[in-house]
Amino acid sequence: MSTPSAELVPLPAKRRVAQLVMLAFAIVIVMGAYANVGLAIDGRVPAGMLTYGLGLGGFMLAAYLVLAKFAPWADPLILPLVTLVNGLGLVMIYRLEQAKMGGASATNQLVWTGAGVVLFSVTLIVLRDHRALQRLTYTAGAVGLILLVSPLTPFLGKEINGARIWIGIGGASLQPAEFAKLALVVFFAGYLVAKRDVLALAGRRLLFIDLPRARDLGPVLITWGFSLAVLVVQKDLGSSLLIFGTFIAMLYIATQRTSWVLIGILLFVGGAILAGMIFSHVQDRFTVYLHPQDPALYDKVGGSFQLLQGLFAMGQGGVIGTGLGQGHPKLIPLAFSDFIFPATGEELGLTGLMALLMVYALIVERGLRTSIAARDPFSKLLAGGLSFILAWQVFIIVGGVTNLIPLTGLVTPFMSQGGSALLANWILIALLVRMSDSARKPPPQAIQDEGMTQVFQR
Amino acid sequence: MSELTLLLIRLAFLAVLWFFVIAAVGVIRTDLFGSRAGAPIPPRKAPKAVKPVAKPRKGEPRQMVVTGGPLQGTTITLSETPITIGRATDATLVVSDDYASSRHARLFPQDGQWIVEDLGSTNGTYLDRSKVTRPTPVPLGVPIRIGKTVIELRK
């Protein structure tokens, strides 16, 4: 310090203007994309551009105002980044709808986005202090488990496309697993805060890794068994991989022990091999993964047709893509949900996909940054876990559609058409925003120099 | 719509998309180093104290400083009110430490001296090296150890 003057600790800036500018920028990009689709298909700017663009813009402005009022110190980038991904998803779905693809409905997705923004706002307004969640550790765990098994209940559960992961309420279907993952991350965070010293310190050292005590392995084994059970009973490979991976990552964040990661990987590989030997649907996925170009598999129902169509589409797109509205993404089955990534890849090319992945990476980076800046262990774990689950989900689905790993059905966060995932991910973003607000908020300033009053932060 | 126009739109769109990413990174970059534009907030004018606080006499401690543990650097200005330390959220100094009890110890002034008293904690309170078993006067600059947290009184 060269200047001895009593300079205040530099306050982190709120960056509200930057946030608003980035938000407007994201909306403009989305509207540009709509216009591009229209120009390419009909040769004119589509009437939907204003409806969808202003609709999305209105929702995001509302979200921004709620954020500015109830979480003023929140990270300025999270909301604009999410807006862009959500908007590009909307454009792709609109584009598929224009191509007369059955099942794609941009209007539905826009309505769900609105509902997502409402949930985002409600979460921010109701949950003033996210540490309240720490008191709900075991409640959250129970809720998560109940949500996860709820599709198996006889009258509530529904089976769609071979996976029994839906519940029907009235006419609408929901995927409770999407909400279960949030509850489970809260549970893992609360549990690990209480137990991390025991998990990190007790145990024996063998060669290079620290072996934990057998009784500390219990929760890991239970989570493992549980995620395998989900896989078996509901045939939902994606969710089980998501839950187990997140638990291991959070265990690593909490204890900083590599041994837990090794144990987790070994357990996972063991479980996967076991499941592959016993269950035919897991085995099928492996066969498709290893030999996607086998003609017999290509023609088989549930074979590699979908995967290969996705790969062909991305190949067709090349480096700069065919241009929005100028490819044939409707040839990919389910191009509006699980396979929205290859559909986007065909029209925007590698350049566009990389930009998209960068945007996801930045969202995750902001989340991890929040985790670093957080002031209590529970927030650190919760923010780390929520960011990881987002990153992990993107990895699983993008890795799946590019045939890097066996394909498991998961949605691309914020892009795929589907209400449950969108709602759950908006709640996730609200939690991250809430935590980044409390992490970046400056400590309370003293009201007076000295005296009877003390200012504390709760 | 001609092929060329569409090609140009396509390239422009990708460029704008990447420009968004770069702009986002730019926001983070300034975020890391803090913004220069914002002048430091002037310290709030201290309101006139209703009752002037009695000036501590010479040799009396004026503040409690945390010198070790996760809360290192925290200072609490001493007044006439007792200070409680523990994990409970209503304690004056809230320590998040597995080795501290929820109501761990208390510091209170008596006849110009500050006294430390253990409130039946599990792991004990240590004044310098010795365990505090009954209310003990705390000299200036002598560390009090509570779990992983070390505090001392200073002038």
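The values are calculated or read from the model by the stated rules, or taken from the named source; none is laboratory data. From a predicted model like this one, the values you see are computed outputs, not experimental measurements. Neighbour counts are summed over all protein chains in view; Cβ atoms, including those assigned to glycine, are modelled from backbone coordinates with ideal geometry.
Name the helices (runs of 4 or more DSSP H) wholly within the range A:240-339 that hold at least 2 residues that are closer than 24 Å to A:A180 by Cα? Outline the logic, then answer.
Values: elements: A:258-278, A:280-290, A:295-299, A:305-317.
Ranges flagged: A:258-278, A:280-290.
Among the residues of the range A:385-415 satisfying the criterion of being over 26 Å from A:V30 (Cβ atoms), aliphatic (A, V, I, L, M) and touching a residue at least 60 places away in the same chain (Cβ under 8 Å), which is surrounded by the most Cβ atoms within 10 Å (Cβ to Cβ)?
A:L407
Just to be sure before I move on: is A:V233 in a helix (DSSP H, G or I) and assigned by TED's automatic domain parsing to the domain that holds A:G141 in the structure I sent? Lay out the reasoning, then the answer.
Numbers: in a helix (DSSP H, G or I): yes; assigned by TED's automatic domain parsing to the domain that holds A:G141: yes.
In short, yes.
Taking B:T84 as meeting all but one of (1) of a type in the set (S, T, Y); (2) surrounded by 17 or more Cβ atoms within 10 Å (Cβ to Cβ); (3) assigned to a loop (DSSP other than H, G, I, E, B), write down the number of the exception.
The number of the failed condition is (3).
A quick yes/no check of all residues on (1) closer than 13 Å to A:T113 by Cβ; (2) without any contact (Cβ under 8 Å) to a residue 60 or more places away in the chain; (3) outside the structural domain of A:R366 (by TED's automatic domain parsing):
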residue	(1), (2), (3)
A:A35	no, yes, no
A:I41	no, no, no
A:R44	no, yes, no
A:A47	no, yes, no
A:Y52	yes, yes, no
A:M60	yes, yes, no
A:V66	no, yes, no
A:A71	no, no, no
A:L77	no, no, no
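Could you identify the single residue in A:L356, A:L381 that is away from every other protein chain (no Cβ under 11 Å), touching a residue at least 24 places away in the same chain (Cβ under 8 Å), of a type in the set (A, V, I, L, M, F, W, C) and part of a helix (DSSP H, G or I)?
Residue meeting the stated conditions: A:L381.
Go through the range A:295-317 and give me each residue that's surrounded by fewer than 15 Cβ atoms within 10 Å (Cβ to Cβ) and either touching a Lys or Arg at 6+ places or on another chain (Cβ under 6 Å) or modelled with pLDDT under 90 (or both). Write out each step before concluding.
Our first condition is that a residue be surrounded by fewer than 15 Cβ atoms within 10 Å (Cβ to Cβ); within the range A:295-317, this holds for A:295-296, A:299-302, A:315.
Those that are surrounded by fewer than 15 Cβ atoms within 10 Å (Cβ to Cβ) and either touching a Lys or Arg at 6+ places or on another chain (Cβ under 6 Å) or modelled with pLDDT under 90 (or both): A:P295, A:A296, A:D299, A:K300, A:V301, A:G302.
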